[in-house]
Amino acid sequence: MEILTAKTAGFCFGVKRAVDFVYGETKSGEKPIYTFGPIIHNKEVVKEMEEMGVSVLPEEVPSEGNGTVIIRSHGVSREVYEGLERAGYKVCDATCPFVKKIHRIVSEKSAEGYNILIAGDPVHPEVKGIIGWSRGPVMAISEPDDIDRIPEDFLRKTCLVAQTTFNYNKFQLFVAKLQKKGYDISVYNSICNATKERQAEARQLSSQTDCMIVVGDVGSSNTQKLFEICKSECPNTHLVQTADDLDVSWLAGAKRVGITAGASTPHKIIEEVQTKCQI
């Protein structure tokens, strides 16, 4: 049996930067240290950080506090950022630079009078943060058909951006549908290159395998999208959080097994899955 692992599997630039940021703060000696919500969508990493003394703040702004709060790679709204500072925390910003770029676009274009349309999951932390940088009307939708339910007045002058981990092919459907409207549409493809490369490689790899294993946390948006892409190409696709979740019976009769992983999956877990597949 041949086992093929995607070259792009595992931590992306933004996630690695945020995780390294936390580890760096733990070495500073300053206490207490918090992250605003889980630093990444991976329970194994969050558990390891808790053992190092890093606590997770609920995703709401306390009226007062002390210590250091690290903003995760997903970013937060302007209101949350300023609220944490007012509460008395030292705020360290580990927002992914690609997400920060979206914040700037949304802030500038909304100030120019554009309504902001976000292609993404409305309840995802990254999208909630993006929403919070708009200076005017803003809306987040996850399906192209949702555009038909948006009031025409909103669409007449719209700026379209995307969650960094949004499905690239689906984003193109958003663009095509909006362009048919013939309004003043300003489009920014803000899906990060790492996401596009990861999704493209996952699609290609899963089309060539008999069994596909996607490694990542069930709460990770980008992992779920990889699973959907792989499942569409290879029906025998399975999502696991760790090697313990892998059922070797899935591999029975497979000549080629593919492995990919979400952007918040540590390399150590990917290696453990690889090893179990080889048993």
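Read the figures in this text as sums done on the coordinates, not as results from a lab. These numbers come from a predicted model, not from an experiment. Note: ideal-geometry Cβ built from the backbone for every residue, glycine included; neighbour counts use all protein chains shown.
This structure gives Cα extents along the principal axes in Å, computed directly, and of (i) 54, 48, 36; (ii) 56, 45, 41; (iii) 58, 56, 23 that value is listed as (iii). Relative to the globular-protein estimate of 2.2 N^0.38 Å, the Cα radius of gyration of region 13-97 stands at 0.98. Measuring r between the beta carbons of LYS90 and HIS267 and using R0 = 30 Å, the FRET efficiency lands at 0.45.
Each listed q (0.14, 0.17 Å⁻¹) maps to a log10 I(q)/I(0) for region 89-185, found by the Debye formula over equal Cα scatterers with no solvent: -0.49, -0.71.
If R0 is 41 Å, the Cβ-Cβ spacing of ALA111 and MET1 corresponds to a FRET efficiency of close to 0.15. Only helical runs count toward this figure. For the chain, summing -39,500 (n - 2.57) over DSSP H runs of n ≥ 4 and dividing by all residues gives -12000 deg cm²/dmol at 222 nm.
Centre-to-centre, using Cα atoms only, region 8-57 and region 184-211 are separated by 26 Å.
Going 7 Å from the Cα of PHE13 in the Cα-to-Cβ direction, what parts of region 103-147 have a backbone nitrogen less than 18 Å from that spot? What the label zone holds, given the 18 Å backbone N cut-off, is 103-105. When only alpha carbons are used to place a centre, region 90-153 and region 235-279 end up 34 Å from one another.
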